[in-house]
Amino acid sequence: MEQVIANGLYLGAQYALIALGLTLIFALMNVLNFAHGQMYVLGGFVTYTIYGQLGLPFVLALACSALTLAIVGALVEKFLFRPVIKRSAREESTMLLAAAIAFLMDAIILILFGEKQRGVPKIINGVFVSDSLVMPYDRILVGVIAIAMIASFMAYMQYSRTGRAMRALAQDRVAAQLMGVNVDRYSMIGFALGALLAGVVGGLLVTITGVNSGIGGPISIKAFLMVMIGGAGVVGGAIAGGFILGMMESVGLNVLREFGDVTYLVIFVLLMVFLSLRPNGLMGKPWG
Amino acid sequence: MTTRRSVLMGTALAAVSGLALSAGLAPATAAEKELNIGFVGVTSGPAAAWGTSNVRSMQVRADWLNELGGVKIGDDTYKINIVTFDDQKDPKRAIAGMEKMAQEGIHYVVGPNVDDGAAAVRPVAESKGIIYFPYAFPKELYTKPASNAVLGMIANYQSAPAIYKYLKENKGVKKVAFIAANESDPLSQRDGGVAAAKALGLEVVAQNDTYPNDTRDFTPVLTPIIRLKPDLLVLSGVSPGNAPLLIRAARELGYTGLISTETAHDAAVLKEGAGELADGFISVGGASTPAIRSKTMDEFIARYTKKFGEYNDESNTKVYALDYIIETLKANPKAINDVAEFKKTVDTFGAPNPYVKEGTLKYVGTTSFGQKRQLSVPMVVTQYKDGAFETLFVGEVD
């Protein structure tokens, strides 16, 4: 049982980190960023190229993933989402735009990095072994980094001037504007921050799970699942959703294994029942 | 005054004129005969590696043959042109792809790469006169009354008994566990593997464990299986992308037994994804290892690497389909526009295998399908070691 719980916590930490960026963008701009998974993949490939191919330090590669995705996110917001949001009377236009960006990024990543699964050398060797628990040290490290990053992100949103401005935007965009918050500027920072988080987690996890050009879509779907469990647009909800999904996967795969691949079937049924009872998810409204 | 409409019209006219001019300026190429060979398979998404290795193999071989002046079939010499269609692993798109091939008058198509796609295109192929070469294992595609599909590789129900028998006799394997992705191909391969293992008297300790194909972390999936301490862990129908992740997770959980699969894999992917943890991994390839491959295969690998930057070991098997099509058409030029002639030829066809030191290109499958509807590809069972494949043993399908 200790192994199942440890697996669930580790999965939960990485899932929560994946979902954070997605829920941040949704909270700030009411945009469902279908390209979130592709941004994760691009972050993974940047780390793969710099750490795996060029042999430069992992920390530098991770920083490059973060920077690359922050720039991509800022550009996407400024030149694509901002004009569409301003000029379109229909909210679904942003969804179509996000889907188009996802397909475009899929194609570009496939051309640039090829079709093969890619991996990098482990950042730390060895496996922790006890009577009831086996866990490679690199997973422990990644789990700890993920939790530290989640804590840093929450502190940044809570106590920094930028974080307060973004929270105000998430609460009430018009009121924030009337109070002097530069909506365009903080929307761009928020989108860049969301994309940066996707890039960092992609870079971090390439050391464990590798990366390939086709996994963006499935990553996005899983991230949406976590966000829906926790409540769209709520950071605490995304974190809770990530840990709940990780734990459900770990327990389900252990308990239900004799019945074949029914774990996700059960998770989806439970999600449907849960959403019919709590349509806004666990936390149900933007932070404030 | 220049308006947006006039600019657009001007651009369109210029484009049309350009196309017309280029068509008119190319009488030499228009006079040259061209043989179009189709590809319908998956070249995007998580399974892109399967189809990409197919289509790239075809393109490299076609470029090579064209560079040598083309292919002489009957009295005519043809340049080979590969027409590709990405079905995105979606049976509906596979049907659309096969219809596109029919509209373009193509009679020979390589692909699709997966079971449901191959089954979906069958009505189109049969009604439009197309011979297709799937990398999919359902027997009904190749047994009568079906006659237009030719299996492009060794099926798992052909290789699995040979592998398990070898491992039972040479490595003392007694207990086997199976794990498969929750998709039609891996599940059917798992069922075939389980039947083969039981027929050999092996104890199957796990056969219901599955995972979604987009799983990134396999530790939770493998944890309960490793506790059963199997001697052999079979990754049924595992994709090249998932194999290193599964191997790494199993080894990190302390598993020390053998790991095998019946699909083809890429050494570079295993090396990057699992490193030395992949040592000993058993899979099936074509003209895979330096021990058996010819100089022609070495040149093919060099050309592939030069064209695409990196070779894919899956092409050791997938290099064959185009050569089979061309050599069969050479043997019976009437088949170029008449697939009935092609079907007549497969029963007696034989040609030297250019990719191995000793071997023959011939159609097989009589034992498995009751008719010759399979390419004879060397069944090279390989073991991964230090970044490369080593030959474990070589088998043959009849």
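Structural remarks
- Hits in the range B:301-323 (condition: surrounded by fewer than 24 Cβ atoms within 10 Å (Cβ to Cβ) and within 23 Å of B:Phe349 (Cα to Cα)): B:Asp323
- Boolean, B:Ala268 is within 26 Å of B:Tyr135 (Cα to Cα) and within 10 Å of another protein chain (Cβ to nearest Cβ): yes
- Top-ranked residue of the range B:243-268 - restricted to ones that are in contact (Cβ under 8 Å) with a residue 40 or more places away in the chain and farther than 25 Å from B:Tyr157 by Cβ, ranked as surrounded by the fewest Cβ atoms within 10 Å (Cβ to Cβ): B:Ala268
- Failed item, numbered, when A:Ser130 is tested on (1) exposed (fewer than 11 other Cβ atoms within 10 Å of the Cβ); (2) at pLDDT 90 or above: (2)
- Candidate set from the range B:231-245 (those that are assigned to a loop (DSSP other than H, G, I, E, B) and within 14 Å of chain A (Cβ to nearest Cβ)); member that is farthest from the chain's Cα centre (by Cα): B:Asn242
- Selection of the range A:171-211 for residues being touching a residue at least 40 places away in the same chain (Cβ under 8 Å), among the hydrophobic types (A, V, I, L, M, F, W, C) and more than 26 Å from A:Ile145 (Cβ to Cβ) yields only A:Met188.
- Residue list for the range A:244-285, filter: within 14 Å of chain B (Cβ to nearest Cβ) and aromatic (Phe, Trp, Tyr): A:Phe259, A:Tyr264, A:Phe268
- Within the range B:341-381, the set of residues being in contact with a Leu (Cβ under 6 Å, 6 or more places away or on another chain) and not hydrophobic (A, V, I, L, M, F, W, C) comprises B:Asn353, B:Gln374.
- Residues satisfying the stated conditions in the range B:191-211, i.e. more than 10 Å from chain A (Cβ to nearest Cβ) and among the β-branched types (Val, Ile, Thr): B:Val194, B:Val204, B:Val205
- One residue stands out among those in the range A:1-58 that are within 11 Å of chain B (Cβ to nearest Cβ) and polar (S, T, N, Q): the one that is surrounded by the fewest Cβ atoms within 10 Å (Cβ to Cβ), which is A:Gln53.
- In the range A:66-89 there is no residue matching the filter, namely being in contact (Cβ under 8 Å) with a residue 40 or more places away in the chain and within 14 Å of chain B (Cβ to nearest Cβ).
- Yes/no for B:Ser57 being hydroxyl-bearing (Ser, Thr, Tyr) and more than 14 Å from chain A (Cβ to nearest Cβ): no
- Residues of the range B:331-344 that are in contact with a strand residue (DSSP E or B) (Cβ under 9 Å, 6 or more places away or on another chain) and either more than 18 Å from B:Ile106 (Cβ to Cβ) or surrounded by 22 or more Cβ atoms within 10 Å (Cβ to Cβ) (or both): B:Ala331, B:Ala335, B:Phe342.
- Residue check for B:Lys174: basic (Lys, Arg), assigned by TED's automatic domain parsing to the domain that holds B:Gly237, in contact with a strand residue (DSSP E or B) (Cβ under 7 Å, 6 or more places away or on another chain) and free of Cβ contacts under 8 Å to residues at least 60 places away in the same chain: yes
- Here is the figure for the range A:96-116: residues that are within 16 Å of A:Gly194 (Cβ to Cβ) and in contact (Cβ under 8 Å) with a residue 40 or more places away in the chain total 4.
- Every residue from the range B:270-287 that is touching a residue at least 40 places away in the same chain (Cβ under 8 Å) and in a helix (DSSP H, G or I): B:Leu270, B:Lys271, B:Glu276, B:Ala278
- Yes/no for A:Leu133 being in contact with an Asp or Glu (Cβ under 6 Å, 6 or more places away or on another chain) and within 14 Å of chain B (Cβ to nearest Cβ): yes
- All conditions but one from (1) more than 23 Å from B:Ile282 (Cβ to Cβ); (2) part of a loop (DSSP other than H, G, I, E, B); (3) of a type in the set (A, V, I, L, M, F, W, C); (4) touching a residue at least 60 places away in the same chain (Cβ under 8 Å) apply to B:Val377; the one that does not is (1).
- Residues that are charged (D, E, K, R) and over 30 Å from A:Leu112 (Cα atoms), drawn from the range B:300-358: B:Glu327, B:Lys330, B:Lys334, B:Asp338, B:Glu341, B:Lys343, B:Lys344, B:Asp347, B:Lys357, B:Glu358
- The conditions of being outside any helix (DSSP H, G or I) and modelled with pLDDT under 95 are met by A:Gly180.
- Selection status of B:Asp214, of a type outside the set (A, V, I, L, M), surrounded by fewer than 24 Cβ atoms within 10 Å (Cβ to Cβ) and facing chain A (nearest Cβ under 10 Å): yes
- Of the residues making up the range B:325-381, those that are more than 29 Å from B:Asp298 (Cα to Cα) and of a type in the set (A, V, I, L, M, F, W, C) number 6.
- Listed conditions (1) in contact with a Pro (Cβ under 7 Å, 6 or more places away or on another chain); (2) modelled with pLDDT of 95 or more are all met by A:Ala27, apart from (2).
- Residue match in the range B:347-365 (condition: touching a Gly at 6+ places or on another chain (Cβ under 7 Å), in a loop (DSSP other than H, G, I, E, B) and over 20 Å from B:Ile73 (Cβ atoms)): no
The values are calculated or read from the model by the stated rules, or taken from the named source; none is laboratory data. As the structure is a prediction and not an experimental result, all values here were calculated from the model. Using ideal geometry, Cβ is built from the backbone for each residue, glycine included, and neighbour counts are taken over all protein chains shown.
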